[in-house]
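Below: one structure, written as structure tokens.
The values are calculated or read from the model by the stated rules, or taken from the named source; none is laboratory data. The shown structure was predicted, so the numbers you read here are calculated from the model rather than taken from an experiment. Note that each Cβ is placed from the backbone with ideal geometry, even for glycine, and that neighbours are counted across all protein chains shown. Protein only, heavy atoms only, side chains kept; ligands, DNA and RNA dropped before computing areas. Shrake-Rupley method; radii C 1.70, N 1.55, O 1.52, S 1.80 Å.
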Amino acid sequence: MRNLFFWRIPPSEADFSRLWEDATFVFDTNFLLDLYRVSHSTAENFLNILQQIKNRIWLPYQVADEFLRRREEIIASEVESFQKALSVLEKWKSEQQNFNSLRGSLRQTGRIVSAEVDFLFGDQKHYLDAVDAVEKAFREKIEQIASDHSSLHSDKDSILENLLLLFDDSKVGEPFNEQILPNLYKEAEDRYKVLVSVQGGNERIRVSGDKIT
């Protein structure tokens, strides 16, 4: 029974040790794409780990295909995120420096308060200097991150170059035969419909052999 149902039995310490020593590491598309979404140092650390286990790594063909198809889309999204961050920062700075809305709100609370605190609006240079300092620090850091993440520039994509070296042709699976793909798509569609039906109603799933009915 142990061998027949090994996937249901928690691995022992010895099992884990054997896996770390002998297992082949197979990665999905998001793992590869996430190298563009994390910090430069984190991406380098992951690539260094892959380098250390390069003789035990493998990619399904579909994963490699999806990664190469979606790579530029992810790069463009991450590049855009830097500009969005700078825009958010600029908006925050503008809002912090604009006292007119606060002055207008305080005037609505009553004439006494409005008159007594009005002088403070002309005595906030230290606050404005602090806002400038905060904005400057964040802007410089964001610009530094964008500069360090050179892989987000498609003409010098070190992440892609490293992955192409690590996953040579011998470490990528074969594509499905074009003649059997329609059958696989149909089977996947049928399985999905069954699951949707079960989730939406009270039907029961009966498993017979390798079929779901």
For the pair residue 190 and residue 34, the simple spin-label estimate (label points 7 Å beyond Cα toward Cβ) gives in nm 3.5 nm
Counting only protein heavy atoms and rolling a 1.4 Å probe, one gets per residue an accessible area for the range 91-134 in Å² of 78 Å²
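For 107, 70, 191, what's the largest-to-smallest order of accessible area, 1.4 Å probe? All intermediate terms of the calculation are to be shown ahead of the outcome.
Details: 107 140, 70 75, 191 105 Å².
Reading off the accessible areas and sorting them downward yields 107, 191, 70.
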Using alpha carbon positions and the Kirkwood radius, the Rg to Rh ratio of the range 1-111 is 1.32
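Decide, for the range 59-192, between rounded, prolate and oblate: order the square roots of the alpha carbon gyration tensor eigenvalues as a ≥ b ≥ c, take rounded if a/c falls under 1.5, and otherwise choose prolate if a/b is larger than b/c, else oblate. Show your work: numbers first, answer last.
Numbers: a/c = 7.14, a/b = 2.55, b/c = 2.80.
Verdict is oblate for the range 59-192.
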